[in-house]
Amino acid sequence: MQLLAGRLTPMTTSRPRASLPVTHEIRRLHDGSVISSHCSRDCALAAFEQLLLAQMMGEDPPGPLQWVEAHLVDLATGQTGASTRGLVPLDGRVPPEVLRWP
């Protein structure tokens, strides 16, 4: 905000916002789509460790009792740093998220 003629008015700027480069992505293997993008390996690993089956299945999951797999990809090298997989339930529906056990 900027004070002009005794009034508070919004101040605009033509400077672009700072953004961090994406260095890692978590991708679904069955359709190649990106689950999430990250600016550091540590951040990507933290997200990867909390990945849910529903996130791995995505919007277009394979059929029931098919494996879904997610890979943590380093964009600089194209190498897979980690991978995990899960089984699509028999009914083919995305399971509910379990936040805590009783």
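The values are calculated or read from the model by the stated rules, or taken from the named source; none is laboratory data. Everything quoted here is computed from the prediction, not taken from an experiment. For neighbour counting, all protein chains shown are included, and Cβ atoms are generated from backbone atoms with ideal geometry for every residue, glycine included.
If you scan segment 58-100, which residues turn out to be of a type in the set (D, E, K, R) and touching a Pro at 6+ places or on another chain (Cβ under 7 Å)?
Across segment 58-100, the qualifying residue is only D91.
Yes/no per residue for (1) at negative phi; (2) assigned to a loop (DSSP other than H, G, I, E, B); (3) of a type in the set (V, I, T); (4) touching a Ser or Thr at 6+ places or on another chain (Cβ under 6 Å):
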position: A47; (1), (2), (3), (4): yes, no, no, yes
position: L51; (1), (2), (3), (4): yes, yes, no, no
position: Q55; (1), (2), (3), (4): yes, no, no, no
position: E59; (1), (2), (3), (4): yes, yes, no, no
position: G63; (1), (2), (3), (4): yes, yes, no, no
position: L72; (1), (2), (3), (4): yes, no, no, no
position: S83; (1), (2), (3), (4): yes, no, no, no
position: D91; (1), (2), (3), (4): yes, yes, no, no
position: E97; (1), (2), (3), (4): yes, yes, no, no
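So, in segment 58-86, exactly how many residues are of a type in the set (A, V, I, L, M), over 24 Å from S19 (Cβ atoms) and in contact (Cβ under 8 Å) with a residue 40 or more places away in the chain?
Total meeting the criteria: 2.
Which residue pairs have Cβ atoms closer than 8 Å, lie 6 or more positions apart in sequence or on different chains, and pair a first residue in segment 29-57 that is in contact (Cβ under 8 Å) with a residue 40 or more places away in the chain and farther than 12 Å from G81 by Cβ with a second residue that is assigned to a loop (DSSP other than H, G, I, E, B) and of a type in the set (D, E)?
Close Cβ pairs (under 8 Å, with a partner that is assigned to a loop (DSSP other than H, G, I, E, B) and of a type in the set (D, E)) amount to L52/E97; A54/E97.
Please indicate, with yes or no, whether at least one residue in segment 5-23 is modelled with pLDDT of 90 or more, more than 13 Å from R85 (Cα to Cα) and outside any loop (DSSP other than H, G, I, E, B).
No - not one qualifying residue is present in segment 5-23.
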